[in-house]
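Comments concern the structure below.
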Amino acid sequence: MHLAAAGREGAFAGFGQPGAPGTDEFWAGVAAPASVPDGDGGWVTLFLWRGSGPVTVEFESWSDPVPLRRLDGSDCWYAEVRMPARLRVTYRFVTGDASHADPFNPAGAGGDRSIVATPDAPEQPHWPLVGADAVLPVPRTRIRWASERLGGRRTVRVHP
């Protein structure tokens, strides 16, 4: 894990995050999620949340939920998630019964979802970024399939 070797002051410096987590300087400069190569052709992606209670990051049709860990009693919660090459997926943070888009990620999917893509993922011009305030129609048509090439089961929503 990257964090264990860094100490709190530079805990997320390897991901390009400035300052000591939990400080005003840190929160003002957060740009997350942030990915670094894992050395095996994939990525380690840092997810950050600011708050007081437990939080989980949930991905749509890709991974089991990942609980975030609190850093030294601060308001900084984090998870370092291993991701395969060329992945693009929607995700949300869950705290108690509430779901939230990532406040540090401008790549929104409307409402309570955000989009994360590894740096090597191809451009996706047909997947527009939608802010958290936008209300999207929920498409009725969904296609689910298992794909060895894509590394598991996927859900695609068909928008008219």
Quick check on my filter: what residues within the range 75-99 are free of Cβ contacts under 8 Å to residues at least 60 places away in the same chain and closer than 20 Å to Phe12 by Cβ? Asp75, Cys76, Trp77, Ala79, Val81, Arg82, Met83, Tyr91, Phe93
Can you find a residue that is touching a helix residue (DSSP H, G or I) at 6+ places or on another chain (Cβ under 9 Å) and in a loop (DSSP other than H, G, I, E, B) anywhere in the range 43-66? no
Selection within the range 105-120 - under 17 Å from Val44 (Cβ atoms) and either among the basic types (Lys, Arg) or outside any strand (DSSP E or B) (or both): Asn105, Thr118, Pro119, Asp120
Could you tell me whether any residue of the range 23-38 is open to solvent by less than 30 Å² (accessible area, probe 1.4 Å) and assigned to a strand (DSSP E or B)? yes
Could you list, in sequence order, all residues of the range 85-97 that are open to solvent by 40 Å² or more (accessible area, probe 1.4 Å) and either touching a helix residue (DSSP H, G or I) at 6+ places or on another chain (Cβ under 9 Å) or more than 15 Å from Ser35 (Cα to Cα) (or both)? Arg92, Gly96, Asp97
The lone exception for Val135 - which of (1) modelled with pLDDT under 85; (2) open to solvent by 80 Å² or more (accessible area, probe 1.4 Å); (3) more than 30 Å from Ser52 (Cβ to Cβ) it fails: (3)
Sole miss for Ala85 among (1) in a strand (DSSP E or B); (2) touching a Phe, Trp or Tyr at 6+ places or on another chain (Cβ under 8 Å) is condition (1)
Which of (1) over 11 Å from the mean Cα position of the chain (by Cα); (2) buried (at least 16 other Cβ atoms within 10 Å of the Cβ); (3) within 29 Å of Trp145 (Cα to Cα) is the odd one out, the single condition Cys76 does not satisfy? (3)
Any residue that is farther than 27 Å from Val156 by Cβ, of a type in the set (D, E, K, R) and out of contact with any strand residue (DSSP E or B) (no Cβ under 7 Å at 6 or more places or on another chain) - is there at least one of those in the range 71-94? yes
Those residues of the range 100-112 which are open to solvent by 30 Å² or more (accessible area, probe 1.4 Å) and in contact (Cβ under 8 Å) with a residue 40 or more places away in the chain amount to Pro103, Phe104
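Please find, among Ser61, Ser35, Ser52, the residue that is over 22 Å from Gln17 (Cβ atoms) and among the polar types (S, T, N, Q).
Exactly one residue qualifies, and that residue is Ser61.
The values are calculated or read from the model by the stated rules, or taken from the named source; none is laboratory data. None of these values were measured; they are calculated from a predicted model. Methodologically, a virtual Cβ is constructed for each residue, glycine included, from the backbone with ideal geometry; neighbour enumeration extends over all protein chains shown. Accessible surface areas use protein heavy atoms only, side chains included; no ligands, DNA or RNA. Shrake-Rupley method; radii C 1.70, N 1.55, O 1.52, S 1.80 Å.
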